[in-house]
Every structure is written in C-alpha cells, then in structure tokens.
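The values are calculated or read from the model by the stated rules, or taken from the named source; none is laboratory data. Keep in mind it's a predicted model, so treat the numbers as computed, not measured. Here the Cβ positions follow ideal geometry from the backbone for every residue, glycine too, while neighbour counts run over all protein chains shown.
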Amino acid sequence: QKEVEQDPGPLSVPEGAIVSLNCTYSNSAFQYFMWYRQYSRKGPELLMYTYSSGNKEDGRFTAQVDKSSKYISLFIRDSQPSDSATYLCAMSEGYGGATNKLIFGTGTLLAVQP
Amino acid sequence: DAGVIQSPRHEVTEMGQEVTLRCKPISGHDYLFWYRQTMMRGLELLIYFNNNVPIDDSGMPEDRFSAKMPNASFSTLKIQPSEPRDSAVYFCASSPGRDRGEQYFGPGTRLTVT
C-alpha cells in the first residue's frame, strides 16, 4: 500500500462546476499538507499549503484536512478551462531534517470543458 | 523575485554519454531537492540537500547518478553513463526550511537518452 493514494482520473467536468479532488494517506505523523497544480510540460506549482486539520480558502480554492480520517480534499468552485491540469497532493511530517521530505500522490488529471 | 532556475530545459543525448543538469534555487532557501518524473512512476525524490550538505540520497537509482551542491546558489545532477531508461523530466525544487515546509519547483529538464 502506498503512503499516499490519489485517484489518477481523468476527471472531466463542465465549466462552472464544483470540483472535488481527494487524497488518502496512511502515515498519521503527516502534519503539513499541500496541493500542487501542474500544467502539461511545466513544473508543479504550489497552490495551497495547510498545517494540521481544518480548512483553508484562497479565492475559488478550498483545502480541507481531516486527520482523524487521514483524508484531504481540494475544492475548486466555478471551475474554468484554465483549471485543466494535473493536481498533486503532497504531505510531510515536518520541516526539519528527514521529516522535510514531501510524499506526493500520483496526481489527478482534471479537464474542464468549456 | 526569480523562481528556481534549471538548465538546460531540454537535453537529447546518446546512450553512454555524460549528462549534467543544473539548478539555481531561490535565494535564501535552505533546502534543495532533485526529483525525477515519469508517467509510470510519478514524482520520485532522488536526493536533497540542507545548507549545501546532502542529507538523503536513498532515492538515487544507481551509482551512475551523482549530485553536488558546491554553494547555496548552485547544484548539479550528473548521470554518467546515461541509459535510455534515464529518459524523464528532472525537477529541482527549493524550500525555505525553518518553520516552512513548502517546496517551489523549477520548470524541469526534459531528458531523452537514445
């Protein structure tokens, strides 16, 4: 079993839809949770960064962390064709020494149809 | 402020040749990471440095791979001799460290070994 599981998709939605992307994990020591967006032939771009459980909102994006269920989500409201990309979740135990390593999901390919 | 800079952006070489990939991290960041991304295996961490010192190279696939960080603003990843199975996109990322664990990625080097 992988430490981080993510449905690879592809996920196709119409423009304006609410998108829900999810990851599950097995390591209860993870404390830092991130979402990256990667356009085709580009490097991953940090989208959201949260610590521990709870919600964080940034514009049309909301990140949720449920540590009790070992489950994280990214919601995209009013999705746009420009949101079409691969979304990777990533997490780490901490920020010092070996715990600074990020463990990535395999990524979910999202296509927003105009 | 410039992000992570990588060169070259594309590299095509023949099997057996030496390949050197270069990275300039974001100024002031304490951590530098080298990743490899393929369709089959996703993002794999190869090695990372803290304050120019290699901390964990357990992801380096073979002795043919080596990485150096001679100063805070420059790192190289070398493959010698290269093989077709090394074909992938290689990313460099840097992280502020201290109380911040997020990583910022460069645009990547697309390596093709024929």
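What the table shows:
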read-out	value
When residues of segment B:82-98 are limited to those that are under 19 Å from residue B:110 (Cβ atoms) and either among the polar types (S, T, N, Q) or not in a strand (DSSP E or B) (or both), the one nearest to the other protein chains (Cβ to nearest Cβ)	B:87
Options B:33, B:65; residue that is within 12 Å of chain A (Cβ to nearest Cβ), of a type outside the set (A, V, I, L, M) and within 15 Å of the chain's Cα centre (by Cα)	B:33
In segment B:99-114, the residues that are at the interface with another protein chain (Cβ under 8 Å from one of its Cβ atoms) and in contact (Cβ under 8 Å) with a residue 60 or more places away in the chain	B:103, B:104, B:105, B:106, B:107, B:108, B:110
Matching entry among A:40, A:52 (being farther than 22 Å from residue B:5 by Cα and loosely packed, with under 12 Cβ neighbours inside 10 Å)	A:52
Test for residue B:97: is it in contact with a helix residue (DSSP H, G or I) (Cβ under 9 Å, 6 or more places away or on another chain) and either loosely packed, with under 15 Cβ neighbours inside 10 Å or on the phi > 0 side of the Ramachandran plot (or both)	yes
Test: residue in segment B:52-59 that is among the polar types (S, T, N, Q) and crowded, with 21+ Cβ neighbours inside 10 Å	no
Those residues of segment A:38-55 which are in contact (Cβ under 8 Å) with a residue 12 or more places away in the chain and of a type in the set (Gly, Ala, Ser), in sequence order	A:40, A:52, A:53
Residue that is under 13 Å from the mean Cα position of the chain (by Cα), of a type in the set (A, V, I, L, M, F, W, C) and surrounded by fewer than 17 Cβ atoms within 10 Å (Cβ to Cβ), where the choices are A:46, A:88	A:46
Test result for residue A:58, over 19 Å from residue B:32 (Cα atoms), touching a residue at least 12 places away in the same chain (Cβ under 8 Å) and either under 14 Å from the mean Cα position of the chain (by Cα) or more than 11 Å from every other protein chain (Cβ to nearest Cβ) (or both)	no
Test: residue in segment A:1-11 that is in contact with a Ser or Thr (Cβ under 7 Å, 6 or more places away or on another chain), farther than 14 Å from residue A:105 by Cβ and part of a strand (DSSP E or B)	no
Single residue of segment A:35-81 satisfying the filter (among the small types (Gly, Ala, Ser) and outside any loop (DSSP other than H, G, I, E, B)) that is modelled with the lowest pLDDT	A:54
When residues of segment B:1-39 are limited to those that are among the β-branched types (Val, Ile, Thr) and outside any loop (DSSP other than H, G, I, E, B), the one surrounded by the most Cβ atoms within 10 Å (Cβ to Cβ)	B:19
Residue match in segment A:100-108 (condition: facing chain B (nearest Cβ under 9 Å), polar (S, T, N, Q), surrounded by 13 or more Cβ atoms within 10 Å (Cβ to Cβ) and without any contact (Cβ under 8 Å) to a residue 60 or more places away in the chain)	yes
